[in-house]
Amino acid sequence: MHLGGHVSIAGSFDKCIDRIAEIGGNCLMTFASSPRSLQFKNIDPKLIQKYLDKKDESGIGPHFFHGVYLVNLASKSKSYLKASINSLIFYQQLAGEINAVGTIFHIGSHMGEGLEKTIDQVVAAINFTLDSSPKGVRLILENAAGQGGAIGEKFEDLAQIISRVGDKSKIGVCLDTQHCFAAGYTLDTVLEKFDRIIGLKRLSVIHLNDSKTEFGSKIDRHENIGLGKIGEVSLAKFASDARLKTIPFILEVPGDGNGPRKQDIDTLKSMLS
Ligand SMILES: [Zn+2]
């Protein structure tokens, strides 16, 4: 199976491969720019080559990008929307260069106005981004916990957006277990619901996280596996589902404050064995 985590590219892009190898993962997720800004810088081609060599040598992959959390395709500001789209396009083009699966991202927030008011803009922004995405690179919509009007809390919302995407071959969905739990989906039945409403064929990746917050809280706070409100039993049952056999699992857990550690990947491995 493909089990990995969110690791840093700090210092030098190629280091993400060392970092995931160090904690015992065989697939990874990273940002491609500073997560604190919608701005981005091209990565030195020499570092990209170094990364590709390390990746080849280690056999690690697939690699997913995570779009910066500031992206908001429902923003009312034209310049902010443009910056969000440009950031996503940068990620998608880099994903093409390094043979990554694509970019997982949070669609944004309708700020309490409801999806109906912003869906036209959201769909247009996704279609524009896809037109500038290399062939075979996916834009991956992540389900949301529902905090602050976050779009994608309900599977129906994601399905509605996907139904209006032009090139559906370039669209995927990321299912985050903490966001499911916070949005009020029990893990026991979530895959049936996902399949009925969105379709399991669209599922590209799982973010496997425990939850610091209660069921239905709508609050997006991840906890280390087994230490949160979902608990190891429920997460293990979910992660062992035969329908997820070919789907990569990415941990986005806090660890000691710096993200997933070796012991977190080990917990996941032991849960699955
Ligand atoms: Zn996530």
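The condition of being modelled with pLDDT of 95 or more, in contact with an Asp or Glu (Cβ under 9 Å, 6 or more places away or on another chain) and within 30 Å of Lys117 (Cα to Cα) holds for only one of Ile206, Ile225, that being Ile206.
Candidates in the range 162-200 are the residues that are in contact with a Gly (Cβ under 8 Å, 6 or more places away or on another chain) and away from the ligand (no atom under 14 Å from the Cβ); of these, the one that is farthest from Ile126 (Cα to Cα) is Gly184.
Remark: Leu268 falls outside the filter, which requires a residue to be part of a loop (DSSP other than H, G, I, E, B) and either within 16 Å of the ligand (Cβ to nearest atom) or farther than 21 Å from Val101 by Cβ (or both).
Within the range 224-233, is there a residue that is over 15 Å from the mean Cα position of the chain (by Cα), assigned to a helix (DSSP H, G or I) and surrounded by fewer than 24 Cβ atoms within 10 Å (Cβ to Cβ)?
yes
The values are calculated or read from the model by the stated rules, or taken from the named source; none is laboratory data. Quick caveat: nothing in here was measured; it's all calculated off a predicted structure. Note: ideal-geometry Cβ built from the backbone for every residue, glycine included; neighbour counts use all protein chains shown.
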